[in-house]
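Enquirer: For reference, the structure I am asking about is given below.
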Amino acid sequence: MKPSPSEPTRADVASSSVAPPSDSPQADTDGSVSLDEIWLGRIAAADALFVTDERQRVRAWSNAAERMLGYSASEVVGQLCYDVVMGSRPDGHPVCGTSCPVTRNAGRGRGTASYPILAVARDGSPRYVDNTVLVLERPRGSFRVVHLLRESCDTPPARPTETAMASPIAGMPLAEPLTRRELEVLRIFARGATLKQVASELSISMYTARNHSTNIEHKLGVRNRLQMVLEGIRRGLV
């Protein structure tokens with residue numbers, strides 16, 4: 001259901017509660033954030049909002065973003081945005097990553113049209129959102145990207161495998177079996193591990209761990225990690 005428009009409040013301004021480097025966002029006592037740059041000043045928005053730099057590091061994170069995805073500013077400011085949002089297309093293909101087209105376009109002085117993504121909240125649940133992008137150019141070729149996330153009014157299209165799961169052949173072997181590494185990832189998730197813990201245990205990057213998770217979900221025909229584990233148990237994979 002589409003959220004009703006409302007005026008931004010003090011609680012909805014981009015904020016940071018960490019002690020970042022000297023060129024990073026600094027939180028003011030009123031809850032707003034100054035990005036340490038006169039040209040930008042403070043930002044307020046009713047939608048979930050976060051700001052990234054040319055290295056894809058999160059520079060500011062609003063309370064509305066925390067409510068949507070479950071992460072506080074102190075947890076994400078300074079982190080790579082794709083490790084936090086983990087956005088993908090509705091078909092499961094990753095959108096967020098090191099080759100982010102939004103950041104590439106911003107580096108060329110271009111904007112990016114709004115687009116829908118499936119983001120992953122802290123608890124592993126999906127958030128189908130529309131991402132609106134604003135590019136703010138800075139001196140010496142650097143830039144900031146403002147992301148505005150709003151819950152989508154549309155229902156994400158079902159993956160083909162989800163239809164198959166609802167049929168009598170659901171108990172049959174997978175059309176595309178899980179690889180040995182994917183089975184490892186699934187079994188670690190089944191122990192209640194987070195994505196970060198999976199990456200640490202297997203000595204892989206968060207990005208690689210996220211891709212394994214996405215591939216497993218696609219093969220099992222599910223939408224989130226809880227469903228993944230339950231389906232893995234149902235099929236005797238865990």
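The values are calculated or read from the model by the stated rules, or taken from the named source; none is laboratory data. Every value quoted in this text rests on a predicted model; they were computed, and no experiment measured them. Reconstructed Cβ throughout: ideal geometry from the backbone, glycine too, with neighbour counts over all protein chains shown.
Enquirer: If we scan the range 168-177, do we find a residue that is in contact with a Pro (Cβ under 8 Å, 6 or more places away or on another chain) and modelled with pLDDT under 85?
Expert: Quick first cut of the range 168-177, residues in contact with a Pro (Cβ under 8 Å, 6 or more places away or on another chain) only: none.
The answer is no; no qualifying residue exists.
Enquirer: If you scan the range 55-91, which residues turn out to be on the phi > 0 side of the Ramachandran plot and either assigned by TED's automatic domain parsing to the domain that holds Ser213 or surrounded by fewer than 19 Cβ atoms within 10 Å (Cβ to Cβ) (or both)?
Expert: If we filter the range 55-91 for residues that are on the phi > 0 side of the Ramachandran plot, which is where we start, we get 56, 70, 78, 86.
Gln56, Gly70, Gly78, listed by residue number.
Enquirer: Okay, next question. Among (1) at pLDDT 85 or above; (2) within 20 Å of Gly107 (Cβ to Cβ), which single condition is Gly87 missing?
Expert: (1)
Enquirer: Confirm whether Arg59 is under 27 Å from Ile204 (Cβ atoms), modelled with pLDDT of 90 or more and in a loop (DSSP other than H, G, I, E, B).
Expert: Judged against the criteria, Arg59 is not a match.
Enquirer: For the structure I just gave you, tell me whether Arg122 is closer than 26 Å to Ala209 by Cβ, within 13 Å of the chain's Cα centre (by Cα) and in contact (Cβ under 8 Å) with a residue 40 or more places away in the chain.
Expert: Working: closer than 26 Å to Ala209 by Cβ: yes; within 13 Å of the chain's Cα centre (by Cα): yes; in contact (Cβ under 8 Å) with a residue 40 or more places away in the chain: yes.
Yes, satisfied.
Enquirer: Take the residues in the range 212-234 that are crowded, with 16+ Cβ neighbours inside 10 Å and of a type in the set (Lys, Arg), then tell me which one is modelled with the lowest pLDDT.
Expert: Here is the first cut: in the range 212-234, the ones crowded, with 16+ Cβ neighbours inside 10 Å are 212-225, 227-229, 231-232.
From the residues that got through so far, the ones that are of a type in the set (Lys, Arg) too are 219, 223, 225.
Values: Lys219: 88, Arg223: 81, Arg225: 84.
So, considering only residues that are crowded, with 16+ Cβ neighbours inside 10 Å and of a type in the set (Lys, Arg), the one modelled with the lowest pLDDT is Arg223.
Enquirer: List pairs: first residue in the range 41-68 and β-branched (Val, Ile, Thr), second residue not in a strand (DSSP E or B) anywhere in the structure, Cβ distance under 6 angstrom, at least six positions apart or on different chains.
Expert: Thr52/Cys81; Val58/Val76; Val58/Val77; Val58/Gln79; Val58/Cys81
Enquirer: Still on this model: Return the residues of the range 202-211 that are modelled with pLDDT under 90 and assigned to a helix (DSSP H, G or I); say none if nothing qualifies.
Expert: Once the filter is applied, which keeps residues that are modelled with pLDDT under 90 and assigned to a helix (DSSP H, G or I), the range 202-211 yields Met206, Tyr207, Thr208, Ala209, Arg210, Asn211.
Enquirer: For the range 195-206, give me each residue that is surrounded by 16 or more Cβ atoms within 10 Å (Cβ to Cβ) and under 19 Å from Arg127 (Cβ atoms).
Expert: Correct list: Leu195, Met206.
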